[in-house]
Amino acid sequence: MTNTIKDWSLEKGPSGQLFQPVTRKEEWAKHKLNAEQIDQFWQDGFLNHVPLLTAKQCDALLDDYGIFMAKDGPTQGQLDLLYEYHSNQSGEPDNVLMHALGHWRLTALFHDLIYLPSAIVKASQLMIPNQEVKVRFWHDQLFAKPAKHGGVVAWHQDYSYWTRTKPMQHLTIHIALEDQTEENGTIEYIPGSHRWTRNGEPLPVLDFNFKDMEGIKTILTEEELSQFKPVKTMLKKGEASIHHPLSVHGSYGNRSSKPRRSAVLNYFADKTISDTDEPLLKGSVIPKVWKKKKKKKKKKKKKKKKKKERKKKKSIIINKQINK
């Protein structure tokens, strides 16, 4: 007999196991970014050293991380709940990158993390320029680089992988669950790269397995290459970097004696919709609303036609009465 695994996605709101749920408006306000931080985000395309979690919260999440770091990995029941799981996305033994999506469904702590007030308040401020918006959860990610042979995450823009959703009003929060250093592969950003597009579209995807670290340089213009000056974040345990969906970022391998583990939260603004009938993640697809709009237009046309017919009929009756 197999044990039933609880699907935490069916639980609405935080359970209270990672943090105490916020009940007062003043408590939400203390998590807001100041004007200088917001300006910095829109100038560079990312914000660095944002405190989000305590060391105790990080340690608790790292305990749950054990599900993915175990020799045999997640159980079949756990795999059934995950959207995606790669024990080594690169497929290369000397370049190991564990990458998972959907772990918020597996444990109370990962479930609560997506509701973290210090994350969602900031996401609300940075999603769209000069306004605060309602925030919706998109999906989560885990990236783990084992000691000494941890893999790279190639330079990329997140929205290159997310064009199935529109409009582009997304945001990513990368949380360091332990100190990040140059040796263990800290996340890095290219300042100003959130302005790099191709006819309004993101840069093309060159590598779905993230292993071709420098591949992006083959498609950059001379001007973009001259601006390609990476900034190493060197995040401390519990700190986060927050970035724009077009901000070019990546990280090199882990050659240290300890693992490098992080948790990522991806959000989008309310009213973001699917732009495809193909599922991006396991589960139901966000419906395409443009079809509904078309139907509404047809109804309006019919109403206008009926109105014209009524007017025509009325004018005929009036003319008949006058002629009499």
For segment 41-121, which fully contained helices (runs of 4 or more DSSP H) count at least 2 residues that are within 17 Å of the chain's Cα centre (by Cα)?
108-113
Could you figure out which of (1) touching a residue at least 40 places away in the same chain (Cβ under 8 Å); (2) within 28 Å of Asn254 (Cα to Cα); (3) surrounded by fewer than 22 Cβ atoms within 10 Å (Cβ to Cβ); (4) touching a Pro at 6+ places or on another chain (Cβ under 8 Å) isn't true of Pro93?
(4)
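Each row is one residue, and each column tells you yes or no for (1) within 18 Å of the chain's Cα centre (by Cα); (2) outside any helix (DSSP H, G or I).
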| residue | (1), (2) |
| --- | --- |
| Leu203 | yes, yes |
| Phe210 | yes, yes |
| Thr218 | no, no |
| Leu225 | no, no |
| Leu235 | no, yes |
| Ile242 | yes, yes |
| Ser257 | no, yes |
| Lys271 | yes, yes |
Does segment 32-52 contain any residue that is touching a helix residue (DSSP H, G or I) at 6+ places or on another chain (Cβ under 9 Å), of a type outside the set (A, V, I, L, M, F, W, C) and at pLDDT below 95?
no
I need a count of the residues in segment 244-255 that are assigned to a loop (DSSP other than H, G, I, E, B) and within 18 Å of Val96 (Cα to Cα).
3
If I ask for residues that are aromatic (Phe, Trp, Tyr) and under 16 Å from Pro167 (Cβ atoms), which ones from segment 126-141 would you list?
Trp138
Do the conditions hold for Lys71, that is, is it basic (Lys, Arg) and in contact (Cβ under 8 Å) with a residue 24 or more places away in the chain?
no
Give just the number: which of (1) modelled with pLDDT of 95 or more; (2) assigned to a strand (DSSP E or B) does Arg136 not satisfy?
(1)
Any hit, segment 124-140, residues being aromatic (Phe, Trp, Tyr) and farther than 27 Å from Ile219 by Cα:
yes
Exactly one condition in (1) modelled with pLDDT of 95 or more; (2) touching a helix residue (DSSP H, G or I) at 6+ places or on another chain (Cβ under 6 Å); (3) loosely packed, with under 15 Cβ neighbours inside 10 Å is false for Lys217; which is it?
(2)
I need the full set of residues from segment 25-74 which are among the polar types (S, T, N, Q), surrounded by fewer than 17 Cβ atoms within 10 Å (Cβ to Cβ) and closer than 15 Å to Leu113 by Cβ, in order please.
Thr54
Find all pairs meeting these conditions: Cβ atoms under 9 angstrom apart; at least six residues apart or on different chains; first residue within segment 34-47 and of a type in the set (Phe, Trp, Tyr); second residue outside any helix (DSSP H, G or I) and surrounded by fewer than 19 Cβ atoms within 10 Å (Cβ to Cβ).
Phe41/Leu33; Trp42/Pro129; Phe46/Pro191; Phe46/Val231
Are any residues in segment 178-212 exposed (fewer than 15 other Cβ atoms within 10 Å of the Cβ) and under 18 Å from Gln43 (Cα atoms), and if so, which ones?
Arg195, Thr197
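Here is a check on your reading of the model: is Thr233 under 30 Å from Ala70 (Cβ atoms), at pLDDT 55 or above and touching a strand residue (DSSP E or B) at 6+ places or on another chain (Cβ under 9 Å)?
So Thr233 passes the test.
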Counting only residues that are among the basic types (Lys, Arg) and within 28 Å of Tyr252 (Cβ to Cβ), how many does segment 96-125 have?
1
Exception for Lys148 within (1) surrounded by fewer than 19 Cβ atoms within 10 Å (Cβ to Cβ); (2) touching a Leu at 6+ places or on another chain (Cβ under 8 Å); (3) at pLDDT 95 or above falls at (2)
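The values are calculated or read from the model by the stated rules, or taken from the named source; none is laboratory data. All values reported here derive from a predicted model rather than from experimental measurement. Using ideal geometry, Cβ is built from the backbone for each residue, glycine included, and neighbour counts are taken over all protein chains shown.
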